[in-house]
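In what follows, a structure is listed as structure tokens, so that the remarks can point back to it.
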Amino acid sequence: MEKILDVKDLHVTFTTYGGTVKAVRGVNFHLNKGETLAIVGESGCGKSVTSNAIMRLIPEPPGKISNGSIHFHGKDLVRLTEKQMRNIRGVDISMIFQDPMTALNPTLTIGTQLMEGLRQHKKITGEEAKQKALEMMNLVGIPNPEERLKQYPHQFSGGMRQRIVIAMALICEPELLIADEPTTALDVTIQAQILELFNRIQEATGVSIILITHDLGVVAKIADRIAVMYAGKIIEVGTKREIFYQAQHPYTKGLLKSVPRLDLQGEKLTPIDGTPPDLFSPPVGCPFTARCPFAMEVCDKVYPGTTELSDAHKVDCWLQDERAKQLLASTANN
Ligand code: SF4
Ligand code: MG
């Protein structure tokens with residue numbers, strides 16, 4: 001499988017008057033061509049910050065990618081200039097946000113907005129741009145595209161607006177689409193249609209997708225692999241089956257409690273007792289220690305190693321870390 005994105009040891013910090021927030025703390029993951037990776041976790045876990053870092057949309061200051069690399073087709077995005085990034089954003093990598101209205105200009109027609117990105121980045125005629133816009137309207141399932149191109153955002157329903165935003169994100173044929181909570185603002189029926197649309201688009205275009213969400217129902221519908229984030233770290237990653245049926249991290253298991261089956265939809269992550277640690281001064285050990293029913297002495301002292309349970313399945317937990325047994329044995333000998 002061809003890797004199109006490879007994130008290594010990514011650290012993102014935000015400097016505030018109260019101190020430095022360590023929002024992303026050494027994240028590693030990759031994305032294969034044509035797959036959908038879901039990054040899940042509670043709000044504040046660093047999932048949106050991670051996706052914004054890939055787009056180099058971390059506001060500097062107060063934000064900063066303080067360490068790590070983000071290789072996209074062998075190029076380290078962290079090292080590119082803003083000018084170089086502008087040629088990648090919207091062209092090779094596109095992003096969709098939760099609220100479709102923020103992405104649309106209320107004073108311009110849908111047609112103008114669809115063609116804008118295209119004409120900015122590709123050398124094509126007006127007629128070619130229009131043809132491409134019509135093609136995209138068809139792809140995302142908007143009826144009467146010829147008519148609809150002349151209309152304004154307020155003339156569309158929320159679901160239709162999100163389809164237009166998706167069309168805008170795809171019009172330059174990006175290889176990577178990042179969708180941050182793309183269906184959260186929509187009602188459940190429309191949500192299902194938009195998720196179905198993502199699947200269809202991926203089949204039609206081969207685009208790779210990173211989906212940021214807190215909703216396991218969404219994940220169940222479209223993810224190939226799942227990365228679970230907690231307190232700025234990916235604590236478990238695996239295929240959808242591995243995460244839904246063989247999760248090993250106590251936090252992942254807690255998240256999944258309310259969604260025992262893949263066919264359930266619309267289930268939100270049930271809150272686990274307690275709150276995530278303060279990211280101004282995150283714990284040196286496992287950040288889940290204070291909430292974990294299985295916490296051992298070593299847990300809050302040393303961060304666990306990453307244990308590989310299969311090719312795709314990796315977990316950061318002392319319960320899986322071989323060294324825990326040795327530590328326990330050496331304590332017993334003393
Ligand atoms: Fe619980 Fe320890 Fe595993 Fe953290 S490392 S999840 S505290 S058992
Ligand atoms: Mg977010």
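Take every Cα pair under 8 Å in the chain that's 6+ residues apart, average their separations, divide by the length, and report that relative contact order as a whole percent. Write out the running numbers ahead of the final one.
Values: 615 pairs, mean separation 64.0, N = 334.
It comes to 19 percent, rounded to a whole number.
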Sticking to Cα atoms, compute the Rg of the chain to one decimal and its Dmax as the biggest Cα-Cα distance, whole number, in Å.
-> 21.3, 80
Of all DSSP beta bridges in the chain, antiparallel share, percent nearest 5 | 65
Hey, what angle do you get for helix 158-170 against the long axis of the chain, alpha-carbon based, 0 to 90 degrees rounded to 10?
-> 90
Using only alpha carbon pairs under 8 Å that are at least six residues apart, calculate the relative contact order of the range 1-139 and give it in whole percent.
-> 22
Taking the chain as the reference, fit the longest principal axis to its C-alpha atoms, fit the long axis of helix 126-139 to the helix C-alpha atoms, and give the angle between the two in degrees, 0 to 90, nearest 10.
-> 50
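Kindly put 154, 249, 71 in sequence by how many other C-beta atoms sit within 10 Å of each C-beta, fewest to most. Mind showing how you got there, number by number?
Details: 154 9, 249 24, 71 17.
With the sparsest Cβ surroundings first, the list reads 154, 71, 249.
What is the calculated FRET efficiency for residue 127 to residue 20, with r their C-beta to C-beta distance and R₀ = 56 Å, to the nearest 0.05? Present the calculation step by step, with values, prior to reporting the outcome.
On the way: r = 52 Å, r/R0 = 0.94.
After rounding to 0.05, the efficiency reads 0.60.
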Taking max minus min of the Cα coordinates of the range 1-128 on each principal axis, largest first, gives extents in Å of 51, 39, 28
In the range 1-84, the GluC sites (Glu not before Pro) that fall in loop regions by DSSP, at most 11 other Cβ within 10 Å = 2
Between helix 322-333 and the chain: long-axis angle, C-alpha atoms, 0 to 90°, nearest 10 | 20
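Can you work out the FRET efficiency for the pair residue 1 and residue 66, with r the C-beta to C-beta distance and R0 = 45 Å, to the nearest 0.05?
Values: r = 30 Å, r/R0 = 0.67.
Rounded to the nearest 0.05, the efficiency is 0.90.
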Percent RCO, i.e. relative contact order, over the range 102-173, from Cα pairs under 8 Å lying at least 6 residues apart | 47
Name the most mobile residue of 24, 188, 219, meaning the one with the largest mean-square fluctuation, in a Gaussian network model of the chain with Cα contacts below 10 Å.
-> 188
Report, in whole Å, the centroid distance computed from the Cα atoms of the range 1-48 and the range 173-208.
-> 20
Mind checking Rg over Rh on the range 110-152, alpha carbons, Kirkwood formula for Rh?
-> 0.95
When the range 102-173 is reduced to its Cα atoms, the Kirkwood hydrodynamic radius in Å | 11.9
Residue 33: which lysines have alpha carbons under 22 Å from its alpha carbon, excluding same-chain residues fewer than 8 sequence positions away?
-> 3, 8, 47, 75, 221, 240, 314
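Here, each number is a calculation from the coordinates, and none is a lab measurement. Treat the numbers as computed from the prediction; the structure is a model and nothing was measured. Every residue, glycine among them, receives a Cβ derived from its backbone with ideal geometry; neighbour counts consider all protein chains shown.
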